[in-house]
Amino acid sequence: MIGVNGEQLGIVSIAKAQQLADEQELDLVKIAPTAQPPVCKILDYGKHRYDQMKREKEAKKNQKIVELKEVRLSMTIDVNDINIKAKNASKFLKEGNKVKVSLKMRGRQTAFASQGIDVMNKFYEGLKDVAVIEKKPATEGRNIIMILAPSNNK
């Protein structure tokens, strides 16, 4: 059993432990119920729960949620347009988000999927310093999809 100020009180019967807690007008809480013998502590349970919720809320606030942003390309995209889209993707990556790069093939373009993969690779060349490929360009039906993640070298 552990006392109010964290001092060890040793092994105590349940009745005596409850009596000590009642004398101090506090609660008897099992801290480690699976231990042999179980570890109990005398504390104000309401305050304990409040502090615990406060810690969880603080941890949740400091947590970074990674979003998946999307950039769409086409098979016939010009070099300057690729640079502009790469600049936008770079901004997303610097914020810590992942970027999904998709290219939709239309009509007969599906027969030339290798050209679409070349467009994807050109796009990645502009982002090599801020991104790593998480999923290589792959054809999925009429789409070619690649996922980029921010690189760790900052």
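Numerical summary
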item: When residues of the range 6-40 are limited to those that are open to solvent by 60 Å² or more (accessible area, probe 1.4 Å) and part of a strand (DSSP E or B), the one farthest from ASN97 (Cα to Cα); result: GLN8
item: Where a residue in the range 104-132 is closer than 14 Å to ALA89 by Cβ and without any contact (Cβ under 8 Å) to a residue 60 or more places away in the chain and its partner, wherever it lies, is part of a helix (DSSP H, G or I) and aromatic (Phe, Trp, Tyr), with Cβ under 9 Å and at least six apart; result: ALA131/TYR124
item: Enumeration of residues in the range 14-52 that are among the aliphatic types (A, V, I, L, M) and touching a Leu at 6+ places or on another chain (Cβ under 7 Å); result: ALA17, ALA21, LEU26, VAL29, ILE42, LEU43
item: Tabulated pairs, the range 50-79, first without any contact (Cβ under 8 Å) to a residue 60 or more places away in the chain, second of a type in the set (Val, Ile, Thr) and surrounded by 10 or more Cβ atoms within 10 Å (Cβ to Cβ), C-beta under 7 angstrom, 6+ apart or interchain; result: LYS69/VAL99; VAL71/VAL99; VAL71/VAL101; LEU73/VAL101; LEU73/VAL119; MET75/VAL119; ILE77/VAL119
item: Only listed residue being modelled with pLDDT of 90 or more, among the basic types (Lys, Arg) and touching a Leu at 6+ places or on another chain (Cβ under 9 Å), chosen from ARG72, ARG55; result: ARG72
item: Strands (runs of 3 or more DSSP E) lying entirely in the range 46-144 (those with 1 or more residues that are open to solvent by less than 80 Å² (accessible area, probe 1.4 Å) and of a type in the set (S, T, N, Q)); result: 98-104, 131-140
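The values are calculated or read from the model by the stated rules, or taken from the named source; none is laboratory data. Given the structure is predicted, the values throughout are model-derived calculations rather than measurements. FYI the Cβ positions are ideal-geometry reconstructions off the backbone, even for glycines, and counts take in every protein chain you see. Each accessible area value is taken on the protein alone, full model and side chains, heavy atoms only, with ligands, DNA and RNA left out. Shrake-Rupley method; radii C 1.70, N 1.55, O 1.52, S 1.80 Å.
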